[in-house]
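Each value in this text was obtained by applying a stated rule to the coordinates, not by laboratory testing. This structure is a prediction, so every number in the text was calculated from the model and none was measured. Heads up, the Cβs are rebuilt from the backbone with ideal geometry, glycines too, and the neighbour counts pull from every protein chain shown.
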Amino acid sequence: MQENQKTKLGLQMATDPRWVNIAEMNIEEILSDHAWCEQKAATTGISLIVKYAYVDGIIDKVTPIVEEEWAHFRMVIEELKKRNLKLLSPRKDDYVKKLFALEKMGLKPKEVMVEKLLISAMIEARSCERFRLLSLHIQDEGLKAFYREFMESEAGHYHVFIHLAKTVLPAEYVMKRWEEFLLMEADIMRSLELRGDRIH
């Protein structure tokens with residue numbers, strides 16, 4: 001896979017295929033980080049609902065995602081227990097931190113909301129891409145099936161966030177900003193060390 005090859009999710013830079021090999025040597029770390037990612041995704045969804053409950057579709061569209069992300073958190077915890085592994089302490093997520101640093105400042109309230117929805121969409125898209133790689137290439141057959149289920153259930157989450165953004169501002173504005181995020185996210189991926197102890 002070439003470094004600059006695009007993914008089916010529209011990401012401008014595919015994950016280095018060596019990531020799976022490194023992750024395979026850090027199962028406790030990767031599962032722990034995955035668990036915390038699911039918890040953070042659920043928390044982010046709740047925050048969006050609390051802040052933007054007045055926006056049509058937010059409660060109906062985001063509540064199922066929150067429920068699913070929390071269920072996923074519990075699933076990963078159970079997988080750790082099954083393997084006699086511990087849930088390690090959460091670590092700083094440089095990828096997500098860099099994404100939020102891309103938010104434009106001084107925007108109108110609707111534009112701020114779109115920024116947050118698109119960042120959520122980007123995190124979901126990259127997570128889905130990584131789950132797909134694990135489901136295809138990890139040697140552990142149990143984890144292959146485990147991550148296939150995650151990939152399939154989460155594949156549509158980023159579409160939901162983009163769709164919601166289009167209900168807040170015109171689709172042309174949203175997609176132009178999404179294309180900008182895609183290019184900037186690729187730069188973030190190039191700047192990060194290739195690590196196999198975390199999902200992002």
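Note on LYS86: aspartates and glutamates with a C-alpha under 17 Å away, same-chain residues under 8 apart excluded, are GLU24, GLU28, GLU29, ASP33, GLU38, GLU78, ASP197. The range 38-82 and the range 83-146 have Cα centres separated by 13 Å.
If packing is taken as the mean number of other Cβ atoms within 10 Å per residue, what is the order of 115-124, 150-159, 15-24, highest first?
On the way: 115-124: 23.2, 150-159: 17.8, 15-24: 15.9.
Highest-to-lowest ranking by the protection proxy: 115-124, 150-159, 15-24.
Could you pull out the pairs from LYS116/LYS176; LYS51/LYS116; LYS61/LYS97; LYS116/LYS144 whose alpha carbons sit more than 22 Å apart here? Provide the component values of the computation, followed by the final result.
Values: LYS116/LYS176 15 Å; LYS51/LYS116 11 Å; LYS61/LYS97 25 Å; LYS116/LYS144 31 Å.
Pairs exceeding the cut-off: LYS61/LYS97; LYS116/LYS144.
Each Cα pair under 8 Å and six or more residues apart adds its sequence gap; the mean of these over the residue count of the chain is a relative contact order of 32 percent. In this simple spin-label model, placing a label point 7 Å from the Cα along the Cα-to-Cβ direction at both GLU67 and ALA145 gives a separation of 2.6 nm.
The phi torsions of the range 62-79, fed into the Karplus equation with coefficients 6.51, -1.76 and 1.60 and a -60° offset, translate into couplings of 8, 4, x, 5, 4, 4, 5, 5, 5, 4, 5, 4, 5, 5, 5, 4, 5, 5 Hz, rounded to whole numbers, with Gly and Pro shown as x.
With kT/(6 pi eta Rh) evaluated at 4 °C and eta = 1.567 mPa s, and Rh the Kirkwood radius from Cα pairs, the range 19-191 diffuses with a coefficient of 77 µm²/s according to Stokes-Einstein. Counted residue by residue at 0.36 nm each, then reduced by the alpha carbon distance between them, the extension gain from ASP56 to GLU111 reaches 18.2 nm.
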